[in-house]
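Bear in mind that the values in this text are calculations on the coordinates, not laboratory data. These numbers were taken from a predicted model, which means no experiment stands behind them. All Cβ positions, glycine included, derive from the backbone under ideal geometry; neighbour counts span all protein chains shown.
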Amino acid sequence: MKILMNDELIDREQAKVDIEDRGYQFGDGVYEVIRVYNGEVFTIDEHLERLKRSAGELKISLPYELETLKNRIRELVSVNQVRDGGIYMQVTRGVSARNHLFPGSDVSAQLAAYPIPSKRPAELQKSGVEVMTAEDIRWKRCDIKSLNLLGNVMAKQAAADAGKYETIFVRDGVVTEGSSTNFYAVKDGTVYTHPANHFILNGITRLKIMEACQNAGVDTVEKEIMASELGQYDEVFISSTTIEVMPVVKIDDRSYSEGRPGPITLLIQKAFRELLTD
Ligand SMILES: *Cc1c(COP(=O)(O)O)cnc(C)c1O
């Protein structure tokens, strides 16, 4: 396997991380997960723009221009012959003697990107999944796709330990998002999801779902969903680059649409898949 390290494609075995990389020591960096469908990198511009934004919010400058990066990512996909899969990429603030303070401008950001297996969970997309809720203990800049994922990691593990697929975070009574997914609830044919502010990561899949909804004639409303009102909704689903549109059939002890994916969810799933084949 070839890995993109800064501006070079190198063998997996040659790729080494410095012990004083700030990503390693502080989680001081940002990342993206991108899907490859049929050899094409899906929504690459959106992902690279978001990477740049996340980095910018942390005052990390990307080591090179987005256009160059885009070409390098496409090269990475082609040299590794990725047909259907994913690309993981991350940028850290760079390597310098451990100190909370940012290093000087002589230290440049470190970029790494490589293919990861990523397969559409087709069976679960049909059956739907069960999730649990938990307090959102993360910081207040969830809009940054930061390498600091402890709150997310803890929540995902808690879900697995409880035999659930995902944890849905609740902050001050408001449902925000999942540990690695965005959250949607459907009532009377309208899709509701948390506004794209500092309390959620604005998923690229989320943006594409809005587009798919429009194509399918389904209204979408960005508003806070109270955890105490979850029972009023007809259907629920979650999304991410990897799982696309994933029906949720149970939250904690409450089942939705008789334990099966609801009709609006299925409609959106279909409309989303149509965007992939355009
Ligand atoms: C990455 C991520 C998502 C989903 O974003 P996509 O761009 O759709 O993959 C949602 N929530 C969190 C916390 C994430 O890290």
Legend entry - Rounded tilt (10° steps) of 66-79 against the dominant C-alpha axis of the chain: 80
Inset, instruction - For the chain, give the magnitude of the charge dipole about the Cα centre (Cβ charges: +1 Lys/Arg, -1 Asp/Glu; no others), in debye to the nearest 20. - result: 320
Inset, instruction - Round to the nearest 10 and give me the degree value, 0 to 90, for the angle of helix 150-161's Cα axis relative to the longest principal axis of the chain. - result: 50
Inset, instruction - Show which lysines lie in cross-link reach of Lys52 when reach means a straight Cα distance below 21 angstrom and same-chain residues fewer than eight apart are skipped. - result: Lys70, Lys140, Lys145, Lys208
Legend entry - Residue-averaged [θ]222 nm for the chain, counting only DSSP H segments that reach four residues, each worth -39500 (n - 2.57): -8500 deg cm²/dmol
Inset, instruction - Sticking with the crude label model, points 7 Å out along Cα→Cβ, report the distance from Leu149 to Ala162 in nm, one decimal please. - result: 2.0
Inset, instruction - Treating the angle as unsigned and between 0 and 90°, give the value, to the nearest 10°, between the Cα long axis of helix 204-216 and the longest Cα principal axis of the chain. - result: 40
Legend entry - Whole-Hz ³J(HN,Hα) from phi, Karplus 6.51 cos²θ - 1.76 cosθ + 1.60, for region 13-29, glycine and proline x: 5, 7, 6, 10, 9, 6, 5, 9, 5, 5, x, 5, 8, 10, x, 8, x
Inset, instruction - Return a whole-number percent for the relative contact order of the chain, with Cα pairs under 8 Å and 6 or more residues apart as the contact set. - result: 17
Inset, instruction - Mind checking the full-extension length gain between Asn99 and Ile10? Use 0.36 nm per residue of separation minus the Cα-Cα distance, one decimal, nm. - result: 29.1 nm
Legend entry - Cross-link pairs Lys59/Lys164; Lys126/Lys187; Lys2/Lys164; Lys2/Lys59 - those with Cα-Cα distance over 31 Å: Lys59/Lys164; Lys2/Lys164
Inset, instruction - Kindly provide the trypsin sites (Lys or Arg not before Pro) of region 171-233 that DSSP labels as loop, not H, G, I, E or B, and whose Cβ sees at most 14 other Cβ atoms within 10 Å. - result: Lys223
